[in-house]
């Protein structure tokens, strides 16, 4: 059985003080949630506050991005060992906003994933198509290219330690949600790609999350799909009661 993962991507929201306040309200609401793993990913500057606030709880902390070098003259970047040293366990890699606004490529995704794994972090590797790509019938082709260039070159041992997130770009921050059936179809494509490259046991074990306007009122139907192993939640993860409802679906 694949244990579900409910991950919150806070994007560029909250101060350190607001981060602490969130956890004060959130932790009591999810302390009994043993059915899934809970991960929250704040901005870099709030990671220490989040790690401190979540200490001793069942909530893990992740970063929203990482650079592939361990150190060096890379102004503005943060290395995987630094993120690990702060107390993080996870990192989001290749989010559609990183691809869209900052030119993130599949090659970068691969390098960042390998660096995160080497530092002992669990990468949440994002894939997904745009609205134009979906409407033109290219969803499977896009997912295949992203998988083959950004994930397939990993070793089997590396692949065993990643999480994949399917996040259709057209459903992020738009209020549009892929139907559970549409999401499950895409998850099947990804799992078939994993099976072809890494074998059936590895494909059966990898957790594939859905991301894209996940809310308390649609999470139950999404999670009813056996192919969906959790959610990568954006806006709905910013409020304690809202994200707790999703965790406790």
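A short reminder: the numbers here are calculations on the coordinates, not readings from a lab. Here the structure is a predicted model, which is why all the values come from computation and not from measurement. Cβ atoms come from the backbone with ideal geometry, glycine included; neighbour counts cover every protein chain shown.
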Check: C-alpha center region 92-151 vs C-alpha center region 17-69, spacing in Å is 23
Length-normalised contact order of region 201-249, Cα under 8 Å, at least 6 apart, in percent, tallies to 42
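Based on the Cβ-Cβ distance from residue 196 to residue 1, what FRET efficiency comes out when R0 is 25 Å, to the nearest 0.05? Display every interim value, and only then the final one.
Details: r = 23 Å, r/R0 = 0.92.
Once the sixth-power term is evaluated, E becomes 0.60.
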Residue separation between residue 248 and residue 70 times 0.36 nm, minus their alpha-carbon distance, gives in nm 60.4 nm
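Want the number for residue 179 to residue 224: 0.36 nm per residue separation, take away the alpha-carbon distance, what's left?
On the way: separation 45, 0.36 × 45 = 16.20 nm, distance 1.17 nm.
Contour length minus Cα-Cα distance gives 15.0 nm.
For region 30-138, what does the alpha-carbon gyration tensor say about shape, rounded, prolate or oblate, given a ≥ b ≥ c as the root eigenvalues, a/c under 1.5 as rounded, and a/b over b/c as prolate? Numbers along the way, then the final one.
Working: a/c = 2.23, a/b = 1.28, b/c = 1.74.
Note, shape of region 30-138 comes out oblate.
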Calculated from DSSP helices alone, with each H run of at least 4 adding -39500 (n - 2.57) and the total divided by the residues of the chain, [θ]222 nm to the nearest 500 comes to -12500 deg cm²/dmol
From fewest to most C-beta neighbours within 10 Å, the residues 44, 166, 74, 210 line up as 74, 44, 166, 210
Checked region 1-83 against the a/c 1.5 cut and the a/b vs b/c comparison, axes a ≥ b ≥ c from its Cα gyration tensor; verdict oblate
